[in-house]
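Down below is the structure, laid out as structure tokens.
The values are calculated or read from the model by the stated rules, or taken from the named source; none is laboratory data. Note that the coordinates shown come from a computational prediction; the quantities given were computed from them, not determined experimentally. Because the Cβ atoms are built from the backbone with ideal geometry, glycine has one as well, and the counts that use them run over all protein chains shown.
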Amino acid sequence: MKKKYLIVIADYYEDISKGLLKSAMDILPKSSSIKTIKVPGVFEIPVTISKNIMKYDGFLALGCVIKGQTPHFDFIAHASTEAIMRLSIENKKPIGNGIITCLNMRQAIARKKKGGEAAQAVISISSQK
């Protein structure tokens, strides 16, 4: 059966997002149906997945949060991770968390391939019986 995947990607850091998306697309099966929805930031990813939870077999949450001068980084990283995990467990659907949390742009650039790791996790969970 052809799997349907939804990628929700925060494009606040556009160059980083493109790298995350490319690495994910390199891993997802070419025979699957894949839709991508762009959102402004990481905080908007869980609600977008929630609105589409019944339409897809698996999901990828992709984005980047870079630490700034305020605790905003910690709140956004924690809230989005918690919401994604809750959605996945409550709906029994795999959601690959490819949201990278970095201290600076150099770290973010080095971690752009993490989208592929999130895609691999979704594929692995989707294939469980």
Qualifying residues in the range 100-129 (those that are β-branched (V, I, T) and in a helix (DSSP H, G or I)) - the one nearest to the chain's Cα centre (by Cα)
V122
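Need a quick list: strands (runs of 3 or more DSSP E) entirely within the range 1-96 having at least 2 residues that are in contact (Cβ under 8 Å) with a residue 60 or more places away in the chain and either buried (at least 18 other Cβ atoms within 10 Å of the Cβ) or aliphatic (A, V, I, L, M) (or both). Steps first, answer last, please.
Numbers: elements: 4-10, 33-39, 58-66.
The strands (runs of 3 or more DSSP E) meeting that bar are 4-10, 58-66.
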Filtered residues of the range 97-114 (kept if over 18 Å from M85 (Cβ atoms) and among the small types (G, A, S)):
A108, A110
Find the residue count for the range 103-129, including only residues that are within 15 Å of G19 (Cβ to Cβ), crowded, with 19+ Cβ neighbours inside 10 Å and not basic (K, R).
5
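Here's the yes/no breakdown for (1) closer than 20 Å to L28 by Cα; (2) out of contact with any helix residue (DSSP H, G or I) (no Cβ under 8 Å at 6 or more places or on another chain); (3) at pLDDT below 95:
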site: V42; (1), (2), (3): no, no, no
site: P46; (1), (2), (3): no, no, no
site: N52; (1), (2), (3): yes, yes, no
site: L62; (1), (2), (3): yes, no, no
site: G68; (1), (2), (3): no, yes, yes
site: P71; (1), (2), (3): no, yes, yes
site: E82; (1), (2), (3): no, yes, no
site: N91; (1), (2), (3): no, yes, no
site: Q107; (1), (2), (3): no, yes, no
